[in-house]
1. Here is a list of conditions, (1) farther than 30 Å from LYS335 by Cα; (2) exposed (fewer than 15 other Cβ atoms within 10 Å of the Cβ); (3) among the hydrophobic types (A, V, I, L, M, F, W, C); (4) free of Cβ contacts under 8 Å to residues at least 40 places away in the same chain, and LEU24 meets all of them except one; can you say which number that is?
2. Right, LEU100: closer than 28 Å to ASN273 by Cβ and modelled with pLDDT under 85 or not?
3. Name every residue in segment 148-180 that is surrounded by 16 or more Cβ atoms within 10 Å (Cβ to Cβ) and modelled with pLDDT under 80, in order of residue number.
4. If the requirement is being surrounded by 19 or more Cβ atoms within 10 Å (Cβ to Cβ) and either out of contact with any strand residue (DSSP E or B) (no Cβ under 9 Å at 6 or more places or on another chain) or acidic (Asp, Glu) (or both), which of these qualifies: LEU304, LEU263, LEU346, LEU271?
5. Any chance you could count how many residues in segment 214-223 are farther than 19 Å from ASP291 by Cα and outside any helix (DSSP H, G or I)?
6. Which condition number in (1) closer than 30 Å to LEU100 by Cβ; (2) touching a helix residue (DSSP H, G or I) at 6+ places or on another chain (Cβ under 7 Å) is the one that ILE267 fails?
7. Would you check if THR200 is more than 28 Å from TYR344 (Cα to Cα) and among the polar types (S, T, N, Q)?
8. Looking only at segment 86-110, count how many residues are under 20 Å from GLU39 (Cβ atoms) and open to solvent by 80 Å² or more (accessible area, probe 1.4 Å).
Amino acid sequence: MLQPNGKVYTCCEATSVDNSNSHLGDLQDLSIKEIWNTEKIKKIRLQLLSGQIPDQCKSCARLEAYGITSDRLRSNEMFKDSSQVIAKTSMSGEIDATELKSFDLRLSNVCNFACRSCNPEQSSKWAMDYQLLTGKFLSSPLTTRTFKNLAECDSFIEHNLCAERIFFAGGEPLLHAEHYQILNRLVQNDKTDCTLAYITNLSTLNLQKNYVIDYWKHFKNVELTISLDAIGKLGEYIRDGLNWNEFSNNIQQIKNEVPHVKLSVNITVSLLNLVDVPATVDYCLKELAIDSDSIILAPVTSPLVYRITLIPKGAKQKIATHLLKASENFPVSLKNQISGIVAYMLSADESDSWKLFLAHNKRIDQLRSQSFVTVSNLLNDIDN
């Protein structure tokens, strides 16, 4: 995975590893092919082949312990036909770079949202609030990009046209000029058999003259994962920058113009939306007609202040009962996910940090002239 700052990680979850040296390399110093066989990544391969769990995989392993389908399990399913690649791995953990078929590209932190659980490294819009919250000025640029310029981006894709799958995230990928540069290059080279995959806030479908739907019409396989944490006003509160009507119109536009695009939804479960998760899931099933297996519930593990394990112990059982009852009529896969969320909530007592959540969230409310109690019943549920 390429981060906006040029650092390369095994995946997005690995960026939260409590180790400043957890990245595999930096594009400022090494090429992708050089990073592909560094000592770090060879060690990780050997650990995985021997059944060990590397530090980079422990975040997912913890979620799996509560029955939650992690990014690791989803990736394992996606790349389950990898026996030939495994067979080609040397005793030292080295693999030929020609086997690099899938890229996770976070081309920039440019984003038009400042979601509550995000940060300035992943969203340029978060920078000002971060500085006001912490009193610290960011030492790095407010806007970061993986490549120094479009020419460097062009060179990268020119040398990796063998890619079978390219995953775009951000920031907001549909606002990145580099994203359209890559799509242009793929179309020009008749590489439209490549699968395009995204995580997007779906706030826009164009960047200047680039209309993304026109590009998607060239590609047979396009997978769009929509970040949606709640519906209506609560959704707009959590994902600051969201305009619910525009969002709804963009989904309809995609369904009308490129019906072959596969839609899924990722719901980041935090203190802010926990009690409203069933309503959001119900909306996805009935209004968006999203397949039940394409709705992903992902509990926040970082930052600490939004973890659902912070809920006061006395209120957890009431919320657990509400979630399980509200999901009784959901398809089995979603009932299991809700059960996993409940198990995770009950797995640890971090209620000593509950007041930290209240103070932190209130401070952001003040900065943004917003009010949590006007859009959520969580605090009433806990007080009562």
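1. (2)
2. So LEU100 does not fit the description; no.
3. Residue satisfying the conditions is ASN160 alone.
4. After ruling out the rest, the residue left standing is LEU271.
5. Here the count works out to 4.
6. With respect to (1) closer than 30 Å to LEU100 by Cβ; (2) touching a helix residue (DSSP H, G or I) at 6+ places or on another chain (Cβ under 7 Å), ILE267 is out only on (1).
7. No; evaluated as a whole, the condition is false for this residue.
8. Residues that pass the stated criteria total 5.
The values are calculated or read from the model by the stated rules, or taken from the named source; none is laboratory data. All values derive from a computational prediction rather than experimental measurement. Here the Cβ is made from the backbone with ideal geometry for all residues, glycine too, and neighbour counts use every protein chain on show. Just so you know, the surface numbers come from the protein's heavy atoms only, side chains and all, with ligands and any DNA or RNA stripped out. Shrake-Rupley method; radii C 1.70, N 1.55, O 1.52, S 1.80 Å.
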